[in-house]
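Peer 1: Encoded as structure tokens, here's the structure I'll be asking about.
The values are calculated or read from the model by the stated rules, or taken from the named source; none is laboratory data. Model, not experiment: these values are computed from the prediction. For neighbour counting, all protein chains shown are included, and Cβ atoms are generated from backbone atoms with ideal geometry for every residue, glycine included. For accessibility, only protein heavy atoms count, side chains too; no ligands or nucleic acids. Shrake-Rupley method; radii C 1.70, N 1.55, O 1.52, S 1.80 Å.
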Amino acid sequence: MLLRSPWTPRLASTGASAGERLALALADDIVEGRLAGGDRLPAHRELAKSLQIGLGTVTKAYAVLERRGLTRSVKGRGTFVAIDRSQRDRQIDLSTNAPPAALHARVLARTLAAIARRVDVDHVTLYAPPGGHLEHRRVLARWLEAIGLAVDPAHLVLTSGARQALSVAFDLVCGRAGLLLTERITYPGAIALARRAGYRMQGVEIDAEGMVPQALAQALRAAGPAGPRAVYLTPTLHNPTTATMSAPRRQAIVEVCRQAGAWIVEDAVYAAAFPDLPQLAALAPDIALHVNGLSKSLVPGLQIGVLALPAGLRDAAQALLQDLPMAPSALSCAVVDEWLATGVIATIQRDLRHEAQRRARLAAALLGADGLVWHPEAYNAWLAMPRDAADGVVSAAAAIGLKLTPPQAMMVCEDDSASGLRICLGGPRFEELTDALGHLAALLARA
């Protein structure tokens, strides 16, 4: 006798087709724990009749879930939920800007089985050359093509994470005597790198599209030509404000930097969300360094950083990496190669987009604060407020088990009074996030 399925049939409110809507509805309920490991899904014909959709549509949706590793089919018995979530009491982290979980054990197991037959043993047993093996650089060059950046693999440097790639970029174009100009409020990791290395930093005014070209031009003129000058910025889904530059704004930034003789360091870790927007390195390949990585666009544990260099900096990068090797794991590169070939990357990115949209809408609905800035493709929301007020909210949140980013970590000028709250939405489970945002809304109402 077959067990009856505990799932109440429904279609998600988003999705282009009935099959996509069915797959999304089931995936949401599995990931959020409403369906437990081992629960049986409805029979194909039963579900097709209940939802008034085609039998083939149900079959395709179930196949999508099995490819994602969320379900498993047992011949003669049916289809079952394949993951089981453990519940743990812990602090809810709203300070780490990570993507939601989109990789499941069965997908990883299939990937590892596939690459075990093809991985080059020399890539594991021998040290990688500076910048990574050529085969791996070719793989990452193919990945960059998907976001509109055509680059010669010889001009790529691979590192163990995007932050290492960013560190190499800063060292190449700024150095100890140089000046690094960036958004007035920006990515905490970049600020920490610059401060640790002793670079001079200067904040540039921002608006709803990010760095303001006129303000950048003025800052470069005031700085004068003495010493190397570099402009670091995040043109797509700026961290923490979520601002995204239009194509005309990107062109204007490039023109300002070219006229001033300044290098550009482009942080493009979120560029996959808008592949049709031009990369700064595509607009100005002679002066722009493109920093990217797999952690933000796929899964945090896939620590591969990518640095695309202008041809004139290739030799300097090779010399730097001779003393400080940073090549990523050969196995991680093999995983990316396999995922490119099988379409897993596109599947993960589609699932991440859906989950980011769902979490952003949740934040907008629960927080409802005046001035809350959110984007359906971003993993965080931003609430501008005076620094003292932001400090107070961070402290009050910590007292009830919510971890938020201290405002000073995002501020180039530590004396700046204008700051805000970065509310990271990707890390917690959805039910945890719902609870955390509810408590945060109560804190904000009293602030």
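Peer 1: From the Cα gyration tensor of the stretch 164-273, with a ≥ b ≥ c the square roots of its eigenvalues, which class applies: rounded if a/c is under 1.5, or else prolate if a/b is larger than b/c, or else oblate?
Peer 2: oblate
Peer 1: Heavy atoms only, probe 1.4 angstrom, no DNA, RNA or ligands counted: give me Glu355, Glu414 ranked by accessible area, highest first.
Peer 2: Glu414, Glu355
Peer 1: Among 158-170, 56-68, what's the highest-first ranking by average C-beta atoms within 10 angstrom per residue?
Peer 2: Top of the packing list down: 158-170, 56-68.
Peer 1: Another one. Taking the Cα centre of the stretch 266-407 as origin, work out the dipole magnitude from +1 charges on Lys and Arg Cβ and -1 charges on Asp and Glu Cβ, in debye rounded to 20.
Peer 2: For the stretch 266-407, the charge dipole is close to 460 debye.
Peer 1: In addition: About the Cα centre of the chain, how large is the charge dipole given +1 on each Lys and Arg Cβ and -1 on each Asp and Glu Cβ? Please answer in debye to the nearest 20.
Peer 2: Using Cβ point charges on Lys, Arg, Asp and Glu, the chain gives about 1380 debye.
Peer 1: Measuring with a 1.4 Å probe in the full set of protein chains, what accessible area per residue, in whole Å², belongs to the stretch 314-392?
Peer 2: The answer is 45 Å² per residue.
Peer 1: How much length, in nm to one decimal, is gained on full extension between Arg4 and Ala222, taken as 0.36 nm per residue of separation minus their Cα-Cα distance?
Peer 2: My answer for the length gained is 71.2 nm.
Peer 1: Now for a different question. Under a crude label model (7 Å from the Cα following the beta-carbon direction), how far is Val121 from Ser329 in nanometres?
Peer 2: 2.1
Peer 1: Then there's this: Relative to the longest principal Cα axis of the chain, at what angle does helix 55-67 sit, 0 to 90 degrees, rounded to 10?
Peer 2: Its long axis makes an angle of about 50 degrees.
Peer 1: Sticking with this one: Using modelled amide H (1.01 Å from N, peptide plane; none on Pro or chain starts), what sits under 5 Å from the amide H of Gly293, excluding residues fewer than 5 places away?
Peer 2: For Gly293, the qualifying residues are Val306.
Peer 1: Which one, Ala390, Thr244, Gly69, projects farthest toward the positive side of the charge dipole computed for the chain from Cβ point charges (K/R +1, D/E -1)?
Peer 2: Going by the charge dipole, the pick is Gly69.
Peer 1: Could you tell me whether the stretch 30-121 comes out rounded, prolate or oblate from its Cα gyration tensor? Rule is a ≥ b ≥ c as square roots of the eigenvalues, rounded for a/c under 1.5, then prolate if a/b exceeds b/c, otherwise oblate.
Peer 2: oblate
Peer 1: Here's another thing I want to ask about it. Angle, helix 330-342 long axis vs. longest principal axis of the chain, Cα atoms, 0 to 90°, nearest 10?
Peer 2: 60
Peer 1: Let me ask something else. In units of 2.2 N^0.38 Å, what is the alpha-carbon radius of gyration of the chain?
Peer 2: This ratio for the chain stands at 1.05.
Peer 1: Taking only protein heavy atoms into account and a 1.4 Å probe, give the accessible area per residue of the stretch 1-126 in Å².
Peer 2: Here the residues of the stretch 1-126 average 58 Å² of exposed surface.
Peer 1: Measure off, as a whole percent, the carbon and sulfur share of the 1.4 Å-probe accessible area of the chain, all protein chains present.
Peer 2: Taking all protein chains in place, the chain shows 54 percent carbon and sulfur surface.
Peer 1: In terms of Cα to Cα distance under 19 Å, which lysines are near enough to Lys49, apart from those fewer than 8 places away along the same chain?
Peer 2: Cross-link targets: Lys60.
Peer 1: Need one word for the stretch 397-447: rounded, prolate or oblate. Basis is the Cα gyration tensor (sqrt eigenvalues a ≥ b ≥ c); a/c below 1.5 gives rounded, then a/b vs b/c decides.
Peer 2: prolate
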